[in-house]
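Just so it is clear, none of the values below were taken in a lab; they were calculated from the coordinates. Note that the structure is a prediction, hence the values are computed from the model and not measured. In this analysis, Cβ positions are derived from the backbone assuming ideal geometry, glycine residues included, and neighbour counts consider all displayed protein chains.
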Amino acid sequence: MSYIEEMGPGTRALPPRAFFTSDAASLPLNGDWRFRLSPHANAPLGAESDDFDDSGWDTISVPGHWQLQGHGSPAYTNVPYPFPVEPPFVPSENPTGDHRLVFDLPPDWPDEPAVLRFDGIDSCGRVWLNGVELGVTRGSRLPTEFEVGHLLRPHRNVLVVRVHQWSSGSYLEDQDMWWMSGIFRAVTLLSRPRGGVADYQLNASYDHVSGLGTLSVEGAGLMVTVPELGVHDLLHGQSFSVPVEPWSAESPRLYDGFVHTAVERVPVRIGFRTVAIEDGVLTINGARVVFRGVNRHEHHPRFGRAVPREFALADVLLMKQHNVNAVRTSHYPPDPYFLELCNEYGLWVIDECDLETHGFGELGWVGNPSDDPRWAESYLDRMRRMVERDKNHPSIVLWSLGNEAHTGRNLAAMANWTRERDPSRPVHYEGDVDCEYVDVYSRMYASHEEVDQIGRENSRGLPFVLCEFAHAMGNGPGGMLEYRELFERYRHVQGGFIWEWIDHGLERDGHFVYGGDFGEPLHDGNFVIDGLVFPDRTPSPGLVEFAKVFEPVRIIESASAIRIANLYDHVSLDHLRFDWVYEDNGVEVASRSLEVPSVLAGQHADVTLPTLPAVTGEGWLTVRATLATATSWADAGHVVARGQISVVEAEPVTPVSGVELVGHGDVLWLGPGEFDPVTGLLTRIGEYHVEGPRLDLWRAPIDNDRGFGKTTEQVWREVGLHRLQHRVSEVDVQETTLVVRTRVAPPAQGFGMLADYHWTADGDRLRLRVDITPDGEWPCPLPRLGLRLALPGELGDVEWFGAGPGEAYADSRQAARIGRFSSTVDALQTPYVFPQENGNRADARWLRLTSGGRGVRVDGEPVFDFTARRWTTEDLDAAQHTVDLVPSDHVHLNLDLAQHGLGTASCGPPPLPQYRLHAQKATFSLTFTPLP
Ligand code: IPT
């Protein structure tokens, strides 16, 4: 059997140790390497020799994936292996990339032992230095080091790495992501001085009762020094306790120090914190924590998993700015730099091992490596390499064995080894549903109902987390608010991690592509597009909603006072400043700062409502909590939380009526409206041509309308809600009212909707009342209930008073506040990578669509939802990529009474019952006014 298919870990690597840089010499070997891709694993050797001529080879950037640099193409599958499942064998067609670098040592390179470190090679690498084979790597997202000191020479060192796309390791790396290969993380040559720091383990615990931090360092011959704490040359075997500020995600206090020997010094950043499970509740520094987390894959739309540092930083900043407090590193240890950022900026981390065998699930888990002793060493090796690499990060609070590898002895062995090696952190693994070898009960995509049951019953007596929930695919997730309520209801229900942080779209020809776009014979389409940020890291509405739902301060009205509740787990609100703005129909009339007393974690304060001026319209008081001073992740003034209190409600609208209908041949006039007497449709309002409002029930299905089994979308299409027909049964021209009676129904079906349009007008305004009555048995919820009309494309400016500024849906609308907003038709669109319903603005009191101030105004009685687009719902439905959406010369306006919720059924529960839209009797009134 070839080394590629051995079931054990790689060969001849050095024992794993902490990742660090010190004052010893090091040489980064990243940059341009020579590269040759062969279709088979057994391509001719020879490149490892000094005199090999690589001038005919291409150049490749290391770190990087060859599939993103013009060699082969990426392929996406979620669960299925893209090759026959016959472990440990892999296809003979095994793309193999030879990488070659010739390098000189810096002139002052010391004559000491040295190691060559690879931070990540996907999936199997065979390495030679100066003609000598060093060994084989496996475990793509884990480091490997080889001893090379004896092989180095001052000039023309020849480093050759042969990387195979497929190896036995591929069976253990079936994560839901692109298959992409190469040396995708850094390569470094490190001098390892004799008598230096071989490895170290820092223990920095915090006793929340005494306020003391206790520090020790493990590693023969080592010392640790932390000048700020008065710790000098603390020896291995000794410990020192001193009052400290603890480290937490909310207040990530780090103490700078160094671990040292006589010859080497490693700068370290120490965070004191203690993780414990007390009475079945996970605590950190003595306080219960709630994970308001995300699952983060490493992704960049051009570089794949070779994420440049500035984008790792961008992730952390965006998370902090959107009230994310935790990250699960799904489903492999990240680039070590990301963990340094988590220490520095403050994020709780579940560090997850590079392990997933999900594709065996399709085969009933037959042959799953997790319970096969032949793979035992590989499993343990992966865990050891992660724990040893990452053990010194204060941000890591749980170790995770991996993802979706079912259950078995090898996982149990990983857990046992981990607990023994590092008793300071509990072990997580979702696949151990019976909690035989984990410390935390973890589930994915459990419905609200089930989480509630877990909360009530607490049958395992362990802390409970949702390692994945609220699948952020496309438009959604809906229902985050109700999950939050469960996290608040039960002490041991300690939050969760949204699936997932980023859409894994890859950039091609100026837009983002997904599974299948590279001609893969087997793929899972856009299931890889399920993040809270778009591939270019623009926040999606889902992230904005997350920030609101999981804000650490809750500002609500409570018995004529403003209640300010501190939902942080550790810190007070002293770092925040509060202010308020009072608006009359969305126009600011007063604003001031708000004095809030000191509020400790978990406490609240009630502050008296300020005295407010009189208003003529709706009066809304908005209270904001902002950062008092700049932090490392946001400027002073950054809004952390907000709340709105309705002070004065709107007066009911006085409906219009009065003018008489005038008929003239084949035209009817009613106030500013012109109608077709045959169809009863509005054809003109003022000077604007209109394709009349008609009842409409369709929305371009969202990913969450799909889901598992028979999906909502399938039912909708089967019954034909995307091709409704309108039969006009009567156009009744009364004295001051035009009544148009219709029946709207899909072909081939017996059920439908009776829709009666009642038009009245005064001189300038045209009022429509639609009475809707279901006719027959409706077999499914409705996608939407509203009207569609088309207006001239020039009306591209939008202004409204209602909920905004972003899109909002029944079960994802916490982030929207009531105010006056302006935008454009183009800017109202949310560019979901896979086009679908988007951009709904909720609870508009009024809306203006204008050009140069002229156009049309719509008023609600009292409110309506709207979308405005340059394409029809049908165009949106048909589009597969954003580039398929081509502007027409109309603005297509939907004016809606309601829309079906979002839910998260693309992987998880459908909308909660209260957010489902059922066919029922309804009345809906709008007033249209031309703005001349
Ligand atoms: C779950 C996986 O853990 C995750 O990697 C991702 O694939 C997610 O689903 C869906 O996007 S597994 C699923 C079968 C619940």
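Could you work out the relative contact order of the chain? I mean the mean sequence separation of Cα pairs under 8 Å and 6+ apart, divided by the number of residues, in percent.
Answer for the chain is 9 percent.
Using just the alpha carbons, could you tell me how many Å³ per residue the convex hull of segment 552-648 encloses?
Working: hull volume 8.6 nm³, N = 97.
So the per-residue Cα hull volume is 89 Å³.
Averaged over all directions, how much area does the convex hull of the C-alpha atoms of segment 2-191 cover when projected, in nm²?
Averaged projected area of segment 2-191's Cα convex hull equals 10.6 nm².
Let me check I've understood the local charge: for Asp536, count other residues with C-beta under 11 angstrom from its C-beta, Lys and Arg +1, Asp and Glu -1. What total comes out?
Local net charge: 0.
Provide the three semi-axes, in whole Å and in decreasing order, of the ellipsoid equivalent to segment 668-931 as defined by the square roots of 5 times the Cα gyration tensor eigenvalues.
That gives 28, 23, 16 Å for the three semi-axes.
Determine, for each peptide in 333-340, 282-289, 313-320, 526-533, the mean count of other beta carbons within 10 angstrom over its residues, then list the peptides with the highest first.
The most tightly packed comes first, giving 526-533, 333-340, 313-320, 282-289.
If I histogram all Cα-Cα distances within segment 179-218 using bins 5 Å wide from 0, what percent of pairs lands in each bin?
The percentages, shortest bin first, are 6, 14, 12, 12, 11, 11, 13, 11, 7, 3, 1.
Report, to two decimal places, the Cα Rg of segment 145-224 normalised by 2.2 N^0.38 Å (N = number of residues).
Expressed relative to 2.2 N^0.38 Å, the Cα Rg reads 1.77.
Looking at Ser73, Val433, Leu212, which one has the Cα that reaches farthest to the positive end of the dipole of the chain (charges on Cβ: Lys, Arg +1; Asp, Glu -1)?
The residue sitting most towards the positive pole is Leu212.
For the chain, report the % of Cα-Cα distances exceeding 49 Å.
Tail of P(r) above 49 Å: 30 percent of Cα pairs.
Largest first, please: the extent of the C-alpha atoms of segment 795-841 along each principal axis, to the nearest Å.
Computed over segment 795-841, the largest-to-smallest principal extents equal 30, 29, 11 Å.
Going by C-beta contacts inside 10 Å, put Asp176, Asp371 in order with the fewest on the left.
Details: Asp176 23, Asp371 17.
Lowest count first: Asp371, Asp176.
Give me the net charge of Pro652's neighbourhood, meaning all other residues with Cβ under 15 Å from the Cβ of Pro652; Lys, Arg count +1, Asp, Glu -1.
For residues surrounding Pro652, the net value is -2.
Give me the percent relative contact order of segment 19-81, please, defined on Cα pairs under 8 angstrom at least 6 residues apart.
35 percent.
What does the highest-first list of 485-491, 836-842 look like by mean Cβ count within 10 Å? Each step should come with its number before you reach the end.
Values: 485-491: 16.1, 836-842: 24.3.
In decreasing order of mean packing, 485-491, 836-842 become 836-842, 485-491.
Can you tell me the dipole magnitude for segment 807-868 around its Cα centre, using point charges on the Cβ only (Lys, Arg +1; Asp, Glu -1), in Debye to the nearest 20?
Values: 8 positive and 8 negative charges, 73 e Å.
I would put it at about 360 debye.
What order do you get for 740-753, 793-806 when each peptide is scored by the mean count of other beta carbon atoms within 10 Å, highest first?
Numbers: 740-753: 17.4, 793-806: 20.9.
The most tightly packed comes first, giving 793-806, 740-753.
For the chain, what is the percent of antiparallel DSSP beta bridges, rounded to the nearest 5?
In the chain, DSSP labels about 90 percent of beta bridges as antiparallel.
What does the charge count around Leu670 come to, taking other residues whose C-beta lies under 14 Å from its C-beta (Lys +1, Arg +1, Asp -1, Glu -1)?
On the way: positive: Arg684, Arg765, Arg767, Arg769; negative: Glu660, Glu674, Asp676, Asp732, Glu735, Asp762, Asp764.
Once all neighbours under 14 Å are counted, the net charge is -3.
Which distance in Å, rounded to a whole number, links the C-alpha centroids of segment 276-320 and segment 627-702?
41
Count neighbours as other Cβ atoms within 10 Å of each site's Cβ, and list the chymotrypsin sites (Phe, Trp or Tyr not before Pro) in segment 824-932 that are DSSP loop with at most 14 such neighbours.
When the chymotrypsin sites (Phe, Trp or Tyr not before Pro) of segment 824-932 are filtered for loop state and at most 14 Cβ neighbours within 10 Å, nothing remains.
Roughly speaking, what is the centre-to-centre gap between segment 725-781 and segment 543-590 when only Cα atoms are used, to the nearest Å?
43
Against the globular-protein guess of 2.2 N^0.38 Å, express the Cα radius of gyration of segment 1-84 as a ratio, rounded to two decimals.
1.45
Defining a contact as two alpha carbons under 8 Å apart and six or more residues distant in sequence, what relative contact order in percent does segment 2-191 show?
So the answer I get is 35 percent.
Dividing the convex hull volume of the Cα atoms of segment 698-786 by its residue count, what figure in Å³ per residue is obtained?
Expressed per residue, the convex hull around the Cα atoms of segment 698-786 is 102 Å³.
Report, in deg cm²/dmol and to the nearest 500, the calculated mean residue ellipticity at 222 nm for the chain, where each DSSP H run with n ≥ 4 adds -39500 (n - 2.57) and the sum is divided by the residue count.
About -3000 deg cm²/dmol.
Semi-axes of segment 288-548's equivalent ellipsoid from the Cα gyration tensor, sqrt of 5 times each eigenvalue, largest first, rounded to whole Å?
Working through the eigenvalues yields semi-axes of 27, 23, 20 Å.
In debye, nearest 20, what is the charge dipole magnitude of the chain about its Cα centre with +1 on Lys and Arg Cβ and -1 on Asp and Glu Cβ, if you could check?
840
Provide Lys548, Lys921, Lys391 in ascending order of the number of other Cβ atoms located within 10 Å of each residue's Cβ, fewest first.
Starting with the residue having the fewest Cβ neighbours, the order is Lys921, Lys548, Lys391.
Which one of Tyr445, Gly479, Ser424 has its Cα pushed farthest toward the positive end of the charge dipole of segment 405-515, where Lys and Arg give +1 and Asp and Glu give -1 at the Cβ?
Checked the options; the winner is Ser424.
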